[in-house]
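Engineer: Would you mind keeping the following structure in view while I ask a few things?
Each value in this text was obtained by applying a stated rule to the coordinates, not by laboratory testing. Only a predicted model underlies this, so the values are computations on that prediction, with no experimental measurement involved. Because the Cβ atoms are built from the backbone with ideal geometry, glycine has one as well, and the counts that use them run over all protein chains shown.
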Amino acid sequence: MRKIQMVDLKGQYKNIKERVDSSIMNVIETTAFVNGPEVHQFQKEFEDYLGVKHVIPCANGTDALQIAMMGLGLMPGDEVITADFTFAATVEVIALLQLTPVLVDVDPVNFNIDIEAIKKAITPKTKAIVPVHLFGLAANMDEIMEVAKEHNLYVIEDNAQGIGADYTSKDGTKQKTGTIGHVASTSFFPSKNLGCYGDGGAIFTNDDDLAHIIRGIVNHGMYERYHHDVVGVNSRLDSIQAAVLRAKLPHLDDYNKARKIAAQKYSEAFKNHKNIITPTGCGNCSNEEIDGCNCHVYHQYTLKIVDADRDALVKHLNEKEIPCGVYYPIPLHLQKAYQDERYKEEDFKVTNQLVKEVISLPMHTELDDEQIDYITKTVIEFMENN
Ligand SMILES: *Cc1c(COP(=O)(O)O)cnc(C)c1O
């Protein structure tokens, strides 16, 4: 059996090596290292793929979130509601901009931001909601957009983990995640579903005016050369990274499908196990069929281990050379940097519990049946003997 990796970037590279190598060499030959034609072409191709009017490439997914918030003109003291159970970048940029992060609990079934908790957290100072399509599963955008509309709030989708997922609305319309809110961010960090070979990110929006503002912000607040109209940042996507992304974008749907097939094999093996809860779909679909709803792109395949010792399982898997991860081990509201005396523990029942139960298994495009078999058997064996 091939050695199991949490993410197998080398295996994926081998299948697209020729295209990637020649594109990278081409950038080097032309020396258009920053904002070269590859960046522009990737932007257009990505806009087409997503069905969104504007993609603005930038340096990473954290910058993308920050720039989206700057573009919306959020001001110090404005409150921004986001999930307590996500990667820290989401809350970090809110705090950096001196906005007030308001962390709220998540749903115990799909791990995404809890709509009732959002409603409870809204005050006259609330300006925006940041849903995260966590682990690749689309958040409940219908309800989030409805709450936002009612209270006149912006919605900024953190789509770093959900690239390529479709969100199906109650009325049956399908849209890519990241194209539903006012603005969205994504990351091309190598391990993301569409990863480059370094850092990269992008902002998406259908709003022409906002896109214009953001294009200036990423480039030192310049709309005309050496005229700085607003305080901006320097956040660019390298041409070499864009070349890699152009080589990978045509395969993204196949990559996501490979992840989904692996996820379904895992879930099939774990089904009916009383201590293992497998991931669900968006709720608007049945998640049974591979060609059905595409609401989950399995950035992570995350189980809940209930009434059993999750940490002992992690240790056991590591001993058996099966990498695994706990995303995330500490709720954000308990992190030193993001504590706030207004938070009450009883408002975070779900995240406080999830951090003890979740475990993410190896998930990438190159998992084979033998590896999946070995992983599922090792997990089940351990659960039955402990
Ligand atoms: C990866 C990630 C980010 C940050 O992306 P970088 O490119 O690493 O800056 C932000 N939010 C979420 C949910 C992520 O998973």
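Engineer: Round to the nearest 0.05 the FRET efficiency obtained for residue 356 and residue 150 when R0 = 56 Å and r is the Cβ-Cβ distance. Write out the running numbers ahead of the final one.
Structural biologist: Numbers: r = 35 Å, r/R0 = 0.62.
The pair residue 356/residue 150 has a calculated efficiency of 0.95.
Engineer: Please compute the modelled spin-label separation between residue 226 and residue 96, points set 7 Å along Cα→Cβ, answer in nm with one decimal.
Structural biologist: 2.9 nm
Engineer: Tell me the label-point distance for the pair residue 369, residue 271, using the 7 Å Cα-to-Cβ offset, in nm and rounded to one decimal.
Structural biologist: So the label points at residue 369 and residue 271 sit 1.8 nm apart.
Engineer: Right, here's the next one. What value in Å³ per residue do you get for the convex hull of the alpha-carbon atoms in the chain?
Structural biologist: Working: hull volume 53.4 nm³, N = 386.
For the chain, the hull spanned by Cα atoms encloses 138 Å³ per residue.
Engineer: Same structure, new question: Share of Cα-Cα pairs in the range 71-218 beyond 18 Å, in percent? Mind showing how you got there, number by number?
Structural biologist: Values: 6069 of 10878 pairs.
Roughly 56 percent, once rounded to a whole number.
Engineer: Give the separation of the Cα centroids, the range 1-80 to the range 83-147, in Å.
Structural biologist: Taking the Cα centre of the range 83-147 as reference, the centre of the range 1-80 is 24 Å away.
Engineer: When N counts the residues of the range 252-385, how does its alpha-carbon radius of gyration compare numerically with 2.2 N^0.38 Å, as a ratio? Mind showing how you got there, number by number?
Structural biologist: Values: Rg = 16.2 Å, N = 134, 2.2 N^0.38 = 14.1 Å.
Dividing the Cα Rg of the range 252-385 by 2.2 N^0.38 Å gives 1.15.
Engineer: Just in the range 323-386: which trypsin sites (Lys or Arg not before Pro) are loop by DSSP and have at most 12 other Cβ atoms within 10 Å?
Structural biologist: Details: sites: 336, 342, 344, 349, 356, 377; in loops: 342, 344.
Hits after loop and neighbour filter: 342, 344.
Engineer: Tell me, in nm to one decimal, what length is gained between residue 31 and residue 88 on full extension, where the rule is 0.36 nm per residue of separation less the Cα-Cα distance?
Structural biologist: Numbers: separation 57, 0.36 × 57 = 20.52 nm, distance 3.56 nm.
The residue 31-residue 88 span can extend by a further 17.0 nm.
Engineer: Only sites in a loop by DSSP and with at most 12 other Cβ atoms within 10 Å count here; which trypsin sites (Lys or Arg not before Pro) in the range 1-99 make the cut?
Structural biologist: Numbers: sites: 2, 3, 10, 14, 17, 19, 44, 53; in loops: 2, 3, 53.
Answer in residue order: 2, 3.
Engineer: Quick one: how many lysine pairs in the range 308-386 have C-alpha atoms under 20 angstrom apart, if they're 8 or more apart or on different chains? Working shown, then result.
Structural biologist: Details: 315/356; 315/377; 320/377; 336/344; 336/349; 336/356; 344/356.
So the count works out to 7.
Engineer: Counting other Cβ atoms within 10 Å, keep those with at most 13, restrict to DSSP loop, and tell me which trypsin sites (Lys or Arg not before Pro) in the range 102-208 are left. Please report the intermediate quantities before stating the final value.
Structural biologist: Working: sites: 119, 120, 125, 127, 149, 170, 174, 176, 192; in loops: 125, 170, 192.
Sites meeting the loop and neighbour criteria: 125, 170.
Engineer: A further question follows. Considering only DSSP beta bridges with both partners in the chain, what is the antiparallel share in %, to the nearest 5? Before the final figure, lay out the partial values.
Structural biologist: Working: 25 of 40 bridges.
If we restrict to bridges inside the chain, about 60 percent are antiparallel.
Engineer: Specify the inter-centroid distance of the range 213-245 and the range 304-335, based on alpha-carbon positions, in whole Å.
Structural biologist: The range 213-245 and the range 304-335 have Cα centres spaced 40 Å from each other.
Engineer: Let me ask something else about it. Between residue 384 and residue 119, what length comes free when the chain is fully extended (0.36 nm per residue of separation minus the Cα-Cα distance, one decimal in nm)?
Structural biologist: 91.3 nm
Engineer: Where both residues lie in the range 1-150, what percent of DSSP beta bridges are antiparallel, nearest 5? The partial results should precede the final answer.
Structural biologist: Values: 1 of 10 bridges.
The antiparallel fraction comes to roughly 10 percent.
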